[in-house]
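S.K.: Below you will find the structure I want to go over with you.
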Amino acid sequence: MPSKLTGLFKTLRWSDFVGTPDAGSHHLAFTSTSFSVPNILLSSLVHDNINVTVTFNASKSWKKMDEINQKKNRTPDQILKHEQGHYDIVALLARDLFIDLMQLKGNTYKNQAELNNDVRPILAKYNGVEKKLMDKYDLPTESDHGESATGQDKWNRMIKEAFTTPRSPAVFAPDGKAYKIPLLDVLAKHGIKP
């Protein structure tokens, strides 16, 4: 079975948020998204069997729909767009990790230890980054949990850029499609570091 990335694209709907709201939280919604990091074995690399899955955790994701509907300065769709950003950031990090791992397929390794020497820095690059970026995304100086239209628009543009802009110089997937610019590169270009 060829290596694959699952869950990169998902459009969230309010009906996806089925968890119990945190009564102590002043936030209107919470999006729980994660991705699996596979155990990279030499055999899985050689046999092209590395899978990374992005998961929306519906039972841990919640909304306060009555409060959302009462907001005057933001519509429910705008609030949902902010939550979509949380999902997309995690999905893009998973995509970039997957691409970095796939780049190792062209290398020759004598043993697992040699492979580990190349895998370790890739995993370290992404370790803990999603939590740091989620916190940064919500900062008052950034999207302010979606309350800042200017900050939210900036993040929406950066996320779109990471989804749509080809890398330069171009790097192509085995199917001939151009890999897109890594999210961390887009953010760094805009002065944002995890």
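The values are calculated or read from the model by the stated rules, or taken from the named source; none is laboratory data. Note that the coordinates shown come from a computational prediction; the quantities given were computed from them, not determined experimentally. Neighbour counts are summed over all protein chains in view; Cβ atoms, including those assigned to glycine, are modelled from backbone coordinates with ideal geometry. In case anyone asks, the SASA skips ligands and DNA or RNA and just uses the protein heavy atoms, side chains included. Shrake-Rupley method; radii C 1.70, N 1.55, O 1.52, S 1.80 Å.
S.K.: Go through Lys4, Lys72 for me and flag whichever is of a type in the set (Lys, Arg), open to solvent by 20 Å² or more (accessible area, probe 1.4 Å), at pLDDT below 95 and farther than 24 Å from Val129 by Cα.
M.R.: Lys72
S.K.: List every residue pair whose Cβ atoms sit under 8 Å apart, with the two residues 6 or more apart in sequence or on different chains, where the first one lies in the range 93-114 and is free of Cβ contacts under 8 Å to residues at least 12 places away in the same chain and the second, anywhere, is open to solvent by 30 Å² or more (accessible area, probe 1.4 Å) and of a type outside the set (Lys, Arg).
M.R.: Close Cβ pairs satisfying both conditions: Asn107/Asp118.
S.K.: Something else now. Specify the residue that is farthest from the chain's Cα centre (by Cα); the eligible residues are those in the range 168-187 that are of a type in the set (D, E, K, R) and under 19 Å from Ser3 (Cβ atoms).
M.R.: That would be Asp175.
S.K.: Could we say that Asn127 is open to solvent by less than 70 Å² (accessible area, probe 1.4 Å), of a type in the set (S, T, N, Q), farther than 15 Å from Leu45 by Cα and under 14 Å from the mean Cα position of the chain (by Cα) here?
M.R.: Criteria not met by Asn127.
S.K.: For residues in the range 152-178 being of a type in the set (Phe, Trp, Tyr) and modelled with pLDDT of 95 or more, which is nearest to Asp88 (Cα to Cα)?
M.R.: It comes out as Phe163.
S.K.: Criterion first (among the hydroxyl-bearing types (Ser, Thr, Tyr), part of a helix (DSSP H, G or I) and farther than 17 Å from Ile99 by Cβ) does Thr141 satisfy it?
M.R.: For Thr141, the condition - among the hydroxyl-bearing types (Ser, Thr, Tyr), part of a helix (DSSP H, G or I) and farther than 17 Å from Ile99 by Cβ - is not met.
S.K.: Scan the range 13-27 for residues that are out of contact with any strand residue (DSSP E or B) (no Cβ under 7 Å at 6 or more places or on another chain) and open to solvent by less than 40 Å² (accessible area, probe 1.4 Å) and jot them down.
M.R.: Selection gives Ser25 alone.
S.K.: Under 7 Å between Cβ atoms, at least 6 apart or on separate chains: pull out the pairs that start in the range 59-71 with a residue that is part of a helix (DSSP H, G or I) and end on any residue that is open to solvent by 30 Å² or more (accessible area, probe 1.4 Å).
M.R.: Going by the 7 Å Cβ cut-off, the qualifying pairs are Ser59/Val18; Met65/Trp14; Ile68/Pro76; Asn69/Pro76.
S.K.: Among residues belonging to the range 147-179 that are out of contact with any Gly (no Cβ under 6 Å at 6 or more places or on another chain) and among the aromatic types (Phe, Trp, Tyr), point out the one that is most open to solvent (accessible area, probe 1.4 Å).
M.R.: Phe172
S.K.: Okay, next question. Only residues in the range 134-155 that are under 12 Å from Glu83 (Cα atoms) count as the first member; pair them with residues that are open to solvent by 30 Å² or more (accessible area, probe 1.4 Å) and modelled with pLDDT under 95, Cβ under 7 angstrom, at least 6 apart or cross-chain, and list the lot.
M.R.: Between residues of the range 134-155 that are under 12 Å from Glu83 (Cα atoms) and residues that are open to solvent by 30 Å² or more (accessible area, probe 1.4 Å) and modelled with pLDDT under 95, the close pairs are Asp138/His145; His145/His27.
S.K.: Does Pro194 satisfy the criteria of being within 20 Å of Ser34 (Cβ to Cβ), assigned to a loop (DSSP other than H, G, I, E, B) and touching a helix residue (DSSP H, G or I) at 6+ places or on another chain (Cβ under 9 Å)?
M.R.: Judged against the criteria, Pro194 is a match.
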